[in-house]
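The values are calculated or read from the model by the stated rules, or taken from the named source; none is laboratory data. Because the structure is predicted, anything quoted here is derived from the model rather than measured. Here the Cβ positions follow ideal geometry from the backbone for every residue, glycine too, while neighbour counts run over all protein chains shown.
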């Protein structure tokens, strides 16, 4: 479980996140949604420690993450996996080397064990026969899958996904969402997904936090989101014409 | 007081205060950058997570940054040695001036200045821009963030192997530059007919001071550190996109070159005085 208490973050005096308090639950796919520029990525990067926060508390189980020293943070980071918006695969390494990288860095397993684990992770995300390809030779969807394989290589307790569907076609996006949900349940991870894709919200949104202009405006799940009385959330949810028509028809 | 005169004073006061503010802002920016540079070095020299991985990375960088630079250093050294010989020959046509001194001039120019300083400036362009753009691209594509999330000390993992590789290999490049440069001088001198081969070979052996080689190698090591650390610093703190990576790459070359020239003066004063 990850708990955020009264988190504040600003850049050059401009507040980006204000007083955010939220609890992300274990074994569930937790979604942070909001418009572009609302502060979702800053919140996610603050949670994983890539941004220093101005004030507030970030708890990983019983550990106050933002007050830990480098060694303490490193211990928790060894339990994290992250899928970045642009996949962030290492350009100079092959698919196999990318997935193997955390194993080389943090385990003392034999070469055979590492290869077995790499192949298992790649198979788990439905990527086969690509071990010796470089990231530049992969499609967007394949890159995301390889990045997920790398993120789960060390059996993480926490999985973070920043816009996992950006740049993907709707079918591939659904497959990636399904994969994230399956892995979350399979490994009982605490998964946090940043998205503004309403398909994702309706597919995997077991817990949803809506951020607008750096402020948490709403919290709930995919069953509650369509009946919310939060005006800014409704503007976001029913932004496209199809959703508007459906809403009108329901009324 | 006359209104126009009063306005003139006010305007000047505002201008001076703006100038002062700008000056302090620049000073603070410079000090901040200076501090960040040393903090980055502290991160770079912290204990590696897995020394075996760093060893493999260092071997890789020896090939990319070292072996791959031999060609350009050899070509430029050859022609530089040839030009130094021809220019010395054409400027010392007086019969009183012994011909073998042309060889001596070529040798000392190559050892004292070209092989270390000029070669370092060339490497600042080739290796420095390579380092800054590689690390900068990794920054803007979140690859450095990915390393940090895994718990890897990204600064050490990315920069230390490059630094060790250049510190180890650049002295070899200097030796190659000296040998190839003198060979270029010999070719140009003998084939153009400005001097005989015997004169040139006698000249390069005449009044040889072995310490000059040591002086050149010491400078090379300092310059290698400047090139890698300054370029890596520029790349590591890139903020933005591909345009900023290009700018960082340019800055890396410019700042490295200026620092090389500055340290050339300082080291020469310390080592040769």
### Summary
residue A:192 fails exactly one of (1) in contact with a strand residue (DSSP E or B) (Cβ under 7 Å, 6 or more places away or on another chain); (2) within 23 Å of residue A:47 (Cα to Cα); (3) away from every other protein chain (no Cβ under 14 Å), namely (3)
### Query
Looking at the range B:29-46, which of the residues that are in contact (Cβ under 8 Å) with a residue 12 or more places away in the chain and either within 11 Å of another protein chain (Cβ to nearest Cβ) or over 22 Å from the mean Cα position of the chain (by Cα) (or both) is surrounded by the most Cβ atoms within 10 Å (Cβ to Cβ)?
B:43
### Task
With a cut-off of at least 2 residues that are away from chain B (no Cβ under 12 Å), in contact with a strand residue (DSSP E or B) (Cβ under 6 Å, 6 or more places away or on another chain) and crowded, with 22+ Cβ neighbours inside 10 Å, name the strands (runs of 3 or more DSSP E) lying wholly within the range A:1-83.
A:2-11, A:14-24, A:29-33
#### Entry: Some residue of the range A:235-246 being farther than 30 Å from residue A:149 by Cα, in contact with a helix residue (DSSP H, G or I) (Cβ under 7 Å, 6 or more places away or on another chain) and surrounded by 18 or more Cβ atoms within 10 Å (Cβ to Cβ)
yes
### Query
For the range A:161-179, which residues satisfy the criterion of being under 11 Å from the mean Cα position of the chain (by Cα) and at pLDDT below 90?
A:163, A:164, A:165, A:177
### Query
Only one of these conditions is not met by residue B:137: (1) more than 14 Å from chain A (Cβ to nearest Cβ); (2) assigned to a helix (DSSP H, G or I); (3) surrounded by fewer than 21 Cβ atoms within 10 Å (Cβ to Cβ); (4) in contact (Cβ under 8 Å) with a residue 24 or more places away in the chain. Which number is it?
(1)
### Task
Output yes when any residue across the range B:63-79 is over 20 Å from residue B:154 (Cβ atoms), free of Cβ contacts under 8 Å to residues at least 24 places away in the same chain and part of a loop (DSSP other than H, G, I, E, B), and no when none is.
no
### Message
residue A:144 - would you say it is away from chain B (no Cβ under 14 Å) and within 20 Å of residue A:41 (Cα to Cα)?
### Response
no
### Message
Testing residue B:202 on (1) touching a helix residue (DSSP H, G or I) at 6+ places or on another chain (Cβ under 7 Å); (2) crowded, with 23+ Cβ neighbours inside 10 Å, one condition comes back false. Which one is that?
### Response
(2)
### Query
Is it true that some residue in the range A:126-135 is within 14 Å of another protein chain (Cβ to nearest Cβ), in contact (Cβ under 8 Å) with a residue 40 or more places away in the chain and assigned to a loop (DSSP other than H, G, I, E, B)?
yes
